[in-house]
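Undergrad: Dropping a structure here in structure tokens format, bear with me for questions.
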Amino acid sequence: MTAAGKSRKRLRHRLMMAFAGFALFVAALYGFYVVAFVYLVEDRFFEALLQQETQAQQAHHDVHGAWRQPQLPFVSVHVDPVTLPDGLGERLADAPWRREFAGADGRHYHLQPLAPDASAWLLAEVSQQLVVRPMRGRLMRWLGGSGLAVLALALLLGAWLARRVTAPLSRLAMLVDDATPSQLPAGFADSFPNDEVGTLARGLERLIARVDTFVAREREFTRDASHELRTPLAVIRSACERLAAGGPLDDTSRRQLDHVLSSTRQLEQTVSTLLALAREEHAAASAEDVAVLPLLERVIVEQAPLLEGRDVVVRMQVPAQTRAQLPAAVLHIVLSNLVGNAFAHSSAGEVVIEIDAGWLRIANPGTAIAADAFRPFARGDASAGFGLGLAIVRRLCERHGIALRFDAEAGGPAARLRLSS
């Protein structure tokens, strides 16, 4: 499952769980209020009975000066708290505001003062009259079953609602997830409703159209500019070569001419790399079985002018049977940049080109590659170019899935290129 698919599942699951959690909370709150309500009604019933008995007792006391025998068999009169059963007198002294007490062996008491000075009390032992206690188990089972039923219904309804709500967003996420730089979706916003998701889809469609236009314009500019530069560069190089072969030059003129030739070759190499990035046929090129040794020999010959006048030895240890599963044109451009970079930054010593555990290793004497060497226009102290070579090589390798890394070794920097895509 793709990352977008997992994200859609998580969003749908969160919506469903939120809906079910809210339903469960409401059901639990409703159950709590039901239980509290039945207990409250029961207490109010006993309080009303005691209030009626209190009024009758007070009327009798006003006439006869004594308390009468209560009419209800579970009610008794106590003129001294000490006579209250189950130690209620002590408990009442500790909490004189309480009117309900639990006794031993399941007994349950309600108290009501008969006189304002609390000189006499009505006591009702209501354990046999309780309605909620005998049915409490059934009530809890009924509430629990109802809660589970509500939870199941909420899960089903939440799943349906989450699927319905997230369907347009899931479809939009799938479109974006399946998009590639070469195949950007277009004209998809009209299929979405006129809501928040539709607004997002239209915004993405406009953004994709702008990106597509920008990429196409950049690619066309790079291709056209590279094509336009190739002809004058070829003319400059040809003129310099004829000038070098035409007659004797003094040392200063020779150095200046060599510098122009070297810069021209670097520009030609950069132009070729830019064309490789701009051409769609190279981007879609499939891997080929390429013989590495002949291609390396050709690249070394092409880059050899960079070593003129330097005490540098090239040692190549690449077996003749070494093959690479890469597009040949892309491999040639990458090798030209890497070998040319190694030659340009070697003033003396040995440049080593060898096969090491499936990697092509190109090592040259010198300082380590800087951390920002892959940033466009980043140049080393010894570089005579424009600082674009390694940045372009990195982009080319990323486009074709080629593994490229630079290691800082004891003798100097080393580039390593995986010979398979």
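Undergrad: Tell me whether segment 3-147 comes out rounded, prolate or oblate; compute the Cα gyration tensor, take square roots of the eigenvalues as a ≥ b ≥ c, and use a/c under 1.5 as the rounded threshold.
TA: prolate
Undergrad: In nm, to one decimal, how far is the modelled label at ASP43 from the one at GLN129, with both set 7 Å along Cα→Cβ?
TA: Roughly 1.6 nm, to one decimal.
Undergrad: Multiply the residue separation of ARG242 and ASP407 by 0.36 nm, subtract the distance between their alpha-carbon atoms, and state the gained length in nm to one decimal.
TA: Gain on stretching ARG242 to ASP407: 55.3 nm.
Undergrad: Using Cα pairs closer than 8 Å and at least 6 residues apart in sequence, work out the relative contact order for the chain, in percent.
TA: Dividing the mean separation by the residue count of the chain yields 10 percent.
Undergrad: Could you please tell me the mean projected area of the C-alpha convex hull for the chain, averaged over all directions and given in square nanometres to one decimal?
TA: 40.6
Undergrad: Hey, another quick one. TRP160 to VAL215: extension gain in nm, 0.36 nm per residue of separation minus the Cα-Cα distance?
TA: Result for the pair: 15.7 nm of gain on full extension.
Undergrad: Please report the relative contact order for segment 126-227, taking Cα pairs under 8 Å with a sequence separation of at least 6, and give it as a percent rounded to a whole number.
TA: Once normalised by length, the contact order is 17 percent.
Undergrad: Gap in Å between the Cα centre of segment 207-243 and the Cα centre of segment 65-91?
TA: 109
Undergrad: Between THR270, THR252, THR322, find the one with the highest GNM mean-square fluctuation for the chain; connect C-alpha pairs within less than 10 Å.
TA: Result: THR252 has the largest fluctuation of those listed.
Undergrad: Hey, if you drop one equal point scatterer on each alpha-carbon of segment 180-278 and run the Debye formula without solvent, what base-10 log of I(q)/I(0) do you get at q = 0.14, 0.22, 0.24, 0.25 Å⁻¹?
TA: -0.69, -1.04, -1.13, -1.17
Undergrad: Once you keep just the Cα pairs under 8 angstrom separated by 6 or more residues, what percentage relative contact order results for segment 180-278?
TA: Across segment 180-278, relative contact order equals 30 percent.
Undergrad: What is the ratio of the Cα radius of gyration of segment 11-79 to 2.2 N^0.38 Å, with N the residue count, to two decimals?
TA: Normalised Cα radius of gyration, segment 11-79: 2.19.
None of the figures in this text is laboratory data; all of them are computed from the coordinates on show. In this text, all values refer to a predicted model and were calculated from it rather than measured experimentally. We place every Cβ from the backbone using ideal geometry, glycine too, and count neighbours over all the protein chains shown.
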